[in-house]
Amino acid sequence: MTKSKNRFLYLALVFFLGIIAILVGDGYLGLYDTLKLRPGESYDQVFEADYWQSEFNYAYFGDGDSVTGTYTIDNRGFSNYAEHLTITVERNQQVISELLAVDFTVDAFGVMEFNFTFATATLAPADGDTPLEYTLIIRHGELERRVIFSVSRLSVPPKVITGG
């Protein structure tokens, strides 16, 4: 009788460990990418792995900003990931600027960062107060990421802190 009780305990333990293994494999393993954009001396605009699932990936820049970008690929898999990476800026489905084109290999459970910079002044100048919209496109393998950004000539007034 005691053997059958232990058998069910061991069977429950095996099922529990199997569920934990599935959750770790499904939630942790895979290829994750993050994009950080910093216009001038402003704050980072971060697009993380979960953010790519949303329909609207949008960033805002001022005319004349120098935008520094960092694209990070985090390979959480058991094999190396080797592809060709291209980062371009498009307007009306026409390539305006190719920011980066490089072949790369990310080791198993490794991380690789790619840095690029572009100036919004080199893009078509914004007319009047109407902001122009561009698309930053990142491609590697079968993966394509898009971030729509607008360039406006209107500046955001600085925040004034007064004592009170």
Taking segment 128-164 and keeping only residues that are open to solvent by less than 100 Å² (accessible area, probe 1.4 Å), part of a loop (DSSP other than H, G, I, E, B) and at pLDDT 85 or above, one is left with Gly141
Kindly check whether there is at least one residue in segment 10-31 that is assigned to a strand (DSSP E or B) and surrounded by 14 or more Cβ atoms within 10 Å (Cβ to Cβ).
yes
Residue satisfying all of: in segment 98-115; under 26 Å from Ser150 (Cβ atoms) and surrounded by 15 or more Cβ atoms within 10 Å (Cβ to Cβ); modelled with the highest pLDDT among these:
Phe114
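The values are calculated or read from the model by the stated rules, or taken from the named source; none is laboratory data. Keep in mind that this is a model prediction, so the values were computed, not measured. Because the Cβ atoms are built from the backbone with ideal geometry, glycine has one as well, and the counts that use them run over all protein chains shown. Areas reflect the complete protein model, heavy atoms only, side chains present, ligands, DNA and RNA absent. Shrake-Rupley method; radii C 1.70, N 1.55, O 1.52, S 1.80 Å.
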